[in-house]
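Q: Let me begin by handing over the structure; questions about it come next.
The values are calculated or read from the model by the stated rules, or taken from the named source; none is laboratory data. Everything numeric here is computed off the predicted structure, so don't read it as measured data. Positions of Cβ are backbone-derived with ideal geometry, glycine not excepted, and every protein chain shown enters the neighbour counts. Areas reflect the complete protein model, heavy atoms only, side chains present, ligands, DNA and RNA absent. Shrake-Rupley method; radii C 1.70, N 1.55, O 1.52, S 1.80 Å.
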Amino acid sequence: PANASLIAQFQPVNAVRATLTIWGLPARSTIPELFLGNAIKMPFLELGFDPYHEVSTGQNFLSESGREYPQLRYRKMELAPRWAYIDKLSWPNVINLIENALELKNPVWFSWCPATLPNETYLMRNNAKSAPFPYVNAMYRSLSLQLVEVL
């Protein structure tokens, strides 16, 4: 269907080329985005997460009369996801994400609700100085991020 996303999971293979066959589209259809890469599935987000926190950035011009004229340049998403209990089996994948993407300020795709809202996936970058992954107890760790949309 139009404006729909497809999230497919593949088994890891040692290959240098992947072939994707798409059928059922009318001729000359455009495919907006294709992504083939590593993905990790995280547990549910903690309460307090606002998935639509858009921040306006621009200049405000204050006239002599006191009237303010906002000069809106763009809006971007600023998300702060938080996971309180990440189980021990997920630690290697999360550490790999922290080391190879978040600490290097590389952009990552963040889909906060892929099962029910697959179209709401954003290209984000960690805006914090680090990505702490502290222990909650012997079996669980926590993770909180400051993600800013890459425009």
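Q: Which order do you get for R67, R141 if you rank them by accessible area with a 1.4 Å probe, largest at the top?
A: Putting R67, R141 in descending order of accessible area: R67, R141.
Q: Let me have the 222 nm mean residue ellipticity of the chain computed from DSSP H runs of 4+ only, each contributing -39500 (n - 2.57), with the sum over all residues rounded to the nearest 500.
A: -1000 deg cm²/dmol
Q: Could you sort F35, F110 by their accessible area in this structure, using a 1.4 Å probe and putting the largest first?
A: Working: F35 135, F110 25 Å².
These residues rank, largest area first, as F35, F110.
Q: How far apart, in nm, are the 7 Å Cα→Cβ label points at K76 and S56?
A: Between K76 and S56, the label points sit 1.7 nm apart.
Q: If you take the C-alpha gyration tensor of segment 90-151, multiply each eigenvalue by 5 and take the square root, what semi-axes do you get, largest first, in whole Å?
A: Semi-axes from the Cα gyration tensor: 21, 16, 10 Å.
Q: Work out how much length S63 to L45 would gain on full extension: take 0.36 nm times their residue separation and subtract the Cα-Cα distance, in nm to one decimal.
A: Taking 0.36 nm per residue and subtracting the Cα distance, the gain is 2.1 nm.
Q: What ³J(HN,Hα) values, in whole Hz, does the Karplus curve 6.51 cos²θ - 1.76 cosθ + 1.60 give for segment 145-151 when θ = phi - 60°, with x put for Gly and Pro?
A: 10, 10, 9, 10, 5, 8, 10
Q: Provide Rg and Dmax in Å for segment 48-101, with only Cα atoms included in the calculation.
A: 19.7, 62
Q: Let me ask you something else. For the chain, compute Rh as the Kirkwood radius over C-alpha pairs and then the Stokes-Einstein diffusion coefficient at 25 °C and 0.890 mPa s; write the answer in µm²/s, rounded to an integer.
A: 133
Q: Please return the longest range in the chain lying between exposed loop sites, taking GluC sites (Glu not before Pro), DSSP loop only, at most 11 other beta-carbon atoms within 10 Å, and leaving the sites out.
A: That would be 65-151.
Q: On to the next question. Considering only protein heavy atoms, what per residue accessible area in square angstrom results for the chain with a 1.4 angstrom probe?
A: Values: 12330 Å² over 151 residues.
Counting only protein heavy atoms, the per-residue value for the chain is 82 Å².
Q: Let me ask something else. List the extent of the Cα atoms of segment 61-132 along each of their three principal axes, largest first, rounded to whole Å.
A: Projected onto its principal axes, the Cα set of segment 61-132 covers 62, 31, 22 Å.
Q: Calculate what fraction, in whole %, of the accessible area of segment 46-151 sits on carbon and sulfur atoms when a 1.4 Å probe is rolled over the protein chains.
A: Result for segment 46-151: 52 percent of the exposed heavy-atom area is carbon or sulfur.
Q: In nm, to one decimal, how far is the modelled label at N96 from the one at L20, with both set 7 Å along Cα→Cβ?
A: So the label points at N96 and L20 sit 2.0 nm apart.
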